[in-house]
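*Asks:* Next up is a structure, given as structure tokens.
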Amino acid sequence: MDTKIIRIEGQGETFSMEEDRALREAGEVLRRGGLVAFPTETVYGLGGNALNPESSRKIYAAKGRPSDNPLIVHIARMEDLARVAGQIPEAAMELARAFWPGPLTMILPKTQEVPYETTGGLDTVAVRMPSHPVARRLISYGGGYVAAPSANLSGRPSPTSARYVKEDMGGRIDVIIDGGDGEIGLESTIVDLTVSPPQVLRPGYVTREMLAGVLGQVSMDQTILRADSGQAPRAPGMKYRHYAPKGELTIVSGQAGRVTAYINAIAAEDEARGHRVGVIATEELLPEYRADVVCSLGSRRDEEEIARRLYGILRRFDDEKVTRIYSECFDDTGLGQAIMNRLLKAAGHRLVVLEDNPK
Ligand code: TXA
Ligand code: MG
């Protein structure tokens, strides 16, 4: 299949006439049952018409994704929610007022209009209203309901730039809209409103604390940061070893000097055994490391920058063919919770805790 690439330079809500025409045509592709990858404020999505079971089947095929892993339905207007969500509790309205459009996905009971192909057989539906202007216009032109997982091949990091979408999806889908790099870089927060109290199934830019600020009590799925909870995660997609780099990733926690010394020692050993070693570092400690490829996530004090850069670095390590990767560890509060959740999953929960560190 020939994949058409559309470049949208327009920032904010203003697009040129050609850009608007191109988005309208991409919307037509969605209406006809085709697939269009598009930018959102989190990561790129691989969109299809959410109300068309055939489109959802195509999405699974293009990603190489198991079809029991439900898709998020993206909408552009509040009045469109009722067509896909059967009951809309007051809590959902409050969250929508506070965080939509934006990086929050809500789980609600589904209506009959949403095919089981889209929800992976579940009676609930995940709904999100993204804030990215390209996404919003495409959704409107595409009929209002766009099912979109992250636009990566199953098992690869979510794409934060159109370049990565082309790598994974070129030749497999109809259109890729290149709208620049994602602002947030990690997937949306998922909160389940069908349980009481509401529960976070996937941490993201909208933190548990921010949700609790609106709703009062909000719980966390216990599998989010722990490998040993003995439970299956409640978001089916969270059980897969997502975000997996090709090299074996280990997170190293402890006091800064000990972490750099440990990583340098083990990197030297690995390299002596023929490994190519990568290090995921913060700007502050970058000069301390000795390894084949050392990448900076930015300053430890800037969690937003760390979130934005993480997936790009994991992909870069794949390109560099590193076989062992070591990463610094982050606090699991605020946005750090989402960062640590993705890192731990990429690491298959391989975490080394160095002594003299109370964490
Ligand atoms: O930021 C995002 O959410 C991006 C952009 C493109 O919007 N999308 C995204 O989609 O991350 P995806 O398919 O990669 O992740 C969707 C997650 C999966 O873990 C899936 O299991 C969960 O949402 N999910 C979807 N519907 C669900 C439901 N009804 N109940 C529980 N979990 C659900
Ligand atoms: Mg994904």
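*Asks:* Would you point out the residue of segment 66-116, among those that are acidic (D, E) and more than 16 Å from ligand 2 (Cβ to nearest atom), that is surrounded by the most Cβ atoms within 10 Å (Cβ to Cβ)? Let's see the steps before the verdict.
*Replies:* Looking only at segment 66-116, we keep the residues that are acidic (D, E), and these are 68, 79-80, 90, 94, 113.
From what is left, the residues that are more than 16 Å from ligand 2 (Cβ to nearest atom) are 79-80, 90, 94, 113.
Working: E79: 8, D80: 18, E90: 9, E94: 13, E113: 13.
Among those residues, the one meeting the criterion is D80.
*Asks:* Checking A338 against (1) assigned to a loop (DSSP other than H, G, I, E, B); (2) touching a residue at least 24 places away in the same chain (Cβ under 8 Å): exactly one of these is not met. Which one?
*Replies:* (1)
*Asks:* Considering only residues of segment 117-126 that are hydrophobic (A, V, I, L, M, F, W, C) and more than 16 Å from ligand 2 (Cβ to nearest atom), which is farthest from P198 (Cα to Cα)?
*Replies:* Step one: of segment 117-126, the residues hydrophobic (A, V, I, L, M, F, W, C) are 122, 125-126.
Right, trim to more than 16 Å from ligand 2 (Cβ to nearest atom) and you get 122, 125.
Details: L122: 18, V125: 15 Å.
Filtering segment 117-126 for residues that are hydrophobic (A, V, I, L, M, F, W, C) and more than 16 Å from ligand 2 (Cβ to nearest atom), the one farthest from P198 (Cα to Cα) comes out as L122.
*Asks:* Give segment 1-28 a look and list any residue that's of a type in the set (A, V, I, L, M) and under 16 Å from G179 (Cβ atoms), or say none. Reasoning before the result, please.
*Replies:* Within segment 1-28, the subset of a type in the set (A, V, I, L, M) is 1, 5-6, 8, 17, 22-23, 26.
Of everything in segment 1-28, those that are of a type in the set (A, V, I, L, M) and under 16 Å from G179 (Cβ atoms) turn out to be I5, I6, I8, A22, L23, A26.
*Asks:* Next question, about the same structure. Failed condition for P109, given (1) near ligand 1 (Cβ under 10 Å from one of its atoms); (2) closer than 17 Å to G48 by Cβ, with all others met?
*Replies:* (2)
*Asks:* Where residues in segment 251-269 are surrounded by 16 or more Cβ atoms within 10 Å (Cβ to Cβ) and either modelled with pLDDT under 95 or not in a helix (DSSP H, G or I) (or both), which of them is farthest from ligand 1 (Cβ to nearest atom)?
*Replies:* Taking the candidates together, the pick is G254.
*Asks:* Could you pull out the residue among I176, I190 that is open to solvent by less than 30 Å² (accessible area, probe 1.4 Å), in contact with a Leu (Cβ under 7 Å, 6 or more places away or on another chain), part of a strand (DSSP E or B) and within 28 Å of A61 (Cβ to Cβ)? Before the answer, list the steps.
*Replies:* Numbers: I176 fails: in contact with a Leu (Cβ under 7 Å, 6 or more places away or on another chain).
On inspection, the qualifying residue turns out to be I190.
*Asks:* Which one of P70, P130, P157, P101 is touching a Pro at 6+ places or on another chain (Cβ under 8 Å) and free of Cβ contacts under 8 Å to residues at least 60 places away in the same chain?
*Replies:* Of P70, P130, P157, P101, the one residue that is touching a Pro at 6+ places or on another chain (Cβ under 8 Å) and free of Cβ contacts under 8 Å to residues at least 60 places away in the same chain is P101.
*Asks:* Looking at this structure, is I72 under 25 Å from D178 (Cβ atoms) and of a type outside the set (S, T, N, Q)? I'd like the intermediate steps shown before the answer.
*Replies:* On the way: under 25 Å from D178 (Cβ atoms): yes; of a type outside the set (S, T, N, Q): yes.
In short, yes.
*Asks:* Pull up segment 18-50, narrow it to residues that are more than 18 Å from Y145 (Cβ to Cβ) and within 11 Å of ligand 1 (Cβ to nearest atom), then point me to the one that is surrounded by the fewest Cβ atoms within 10 Å (Cβ to Cβ). Reasoning before the result, please.
*Replies:* So the first thing to find is which residues in segment 18-50 are more than 18 Å from Y145 (Cβ to Cβ), and the list is 18-22, 25, 39, 41-44.
Remaining after also requiring within 11 Å of ligand 1 (Cβ to nearest atom): 39, 41-44.
Numbers: P39: 29, E41: 19, T42: 29, V43: 26, Y44: 30.
Only one residue fits best here, namely E41.
*Asks:* For segment 280-302, give me each residue that is among the charged types (D, E, K, R) and either surrounded by 20 or more Cβ atoms within 10 Å (Cβ to Cβ) or in a loop (DSSP other than H, G, I, E, B) (or both).
*Replies:* First, pick out the residues of segment 280-302 that are among the charged types (D, E, K, R): 283-284, 288, 290, 292, 300-302.
E283, E284, R290, D292, R300, R301, D302 - these are the residues of segment 280-302 that are among the charged types (D, E, K, R) and either surrounded by 20 or more Cβ atoms within 10 Å (Cβ to Cβ) or in a loop (DSSP other than H, G, I, E, B) (or both).
*Asks:* Any chance you could count how many residues in segment 118-134 are β-branched (V, I, T) and open to solvent by 30 Å² or more (accessible area, probe 1.4 Å)? Explain how you work it out, then say what you get.
*Replies:* First pass over segment 118-134, keeping only residues β-branched (V, I, T): 118-119, 124-125, 127, 134.
Filter once more, so that each one left must be open to solvent by 30 Å² or more (accessible area, probe 1.4 Å): 124.
The number of residues fulfilling the criteria is 1.
*Asks:* Within segment 122-153, how many residues are closer than 22 Å to V206 by Cα and basic (K, R)?
*Replies:* 2
*Asks:* If you don't mind, there's one more thing I want to ask. Filter segment 136-175 down to the residues that are more than 16 Å from ligand 2 (Cβ to nearest atom) and among the aliphatic types (A, V, I, L, M) and list them by number. Spell out the reasoning first.
*Replies:* Step one: filter segment 136-175 for residues more than 16 Å from ligand 2 (Cβ to nearest atom), giving 136-145, 162-163, 166, 170-171, 174-175.
Listed by number, the residues that qualify are L138, I139, A162, V175.
Here is a yes/no grid of residues against (1) closer than 13 Å to G45 by Cβ; (2) not β-branched (V, I, T):
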residue	(1), (2)
P89	no, yes
A98	no, yes
T119	no, no
L122	no, yes
A135	yes, yes
G142	yes, yes
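*Asks:* While we're on this one: Taking the condition surrounded by 14 or more Cβ atoms within 10 Å (Cβ to Cβ), modelled with pLDDT under 95 and touching a helix residue (DSSP H, G or I) at 6+ places or on another chain (Cβ under 9 Å), does Y243 pass?
*Replies:* Numbers: surrounded by 14 or more Cβ atoms within 10 Å (Cβ to Cβ): yes; modelled with pLDDT under 95: yes; touching a helix residue (DSSP H, G or I) at 6+ places or on another chain (Cβ under 9 Å): yes.
Answer is yes for this residue.
*Asks:* Could you identify the single residue in T42, T14 that is free of Cβ contacts under 8 Å to residues at least 12 places away in the same chain, out of contact with any helix residue (DSSP H, G or I) (no Cβ under 7 Å at 6 or more places or on another chain) and polar (S, T, N, Q)?
*Replies:* Numbers: T42 fails: free of Cβ contacts under 8 Å to residues at least 12 places away in the same chain.
Of the residues listed, the single one that is free of Cβ contacts under 8 Å to residues at least 12 places away in the same chain, out of contact with any helix residue (DSSP H, G or I) (no Cβ under 7 Å at 6 or more places or on another chain) and polar (S, T, N, Q) is T14.
*Asks:* Follow-up question, since we're still on this one. Residues I224, I184: which one is within 10 Å of ligand 1 (Cβ to nearest atom), crowded, with 17+ Cβ neighbours inside 10 Å and either at pLDDT 95 or above or assigned to a loop (DSSP other than H, G, I, E, B) (or both)?
*Replies:* Values: I224 fails: within 10 Å of ligand 1 (Cβ to nearest atom).
The conditions single out I184.
The values are calculated or read from the model by the stated rules, or taken from the named source; none is laboratory data. Just so it is clear, the structure is predicted and the values come from calculations on it, not from any experiment. Virtual Cβ from ideal backbone geometry, glycine too; neighbours counted across all protein chains shown. Remember, those area values only see protein heavy atoms, side chains included, never the ligands or the DNA or RNA. Shrake-Rupley method; radii C 1.70, N 1.55, O 1.52, S 1.80 Å.
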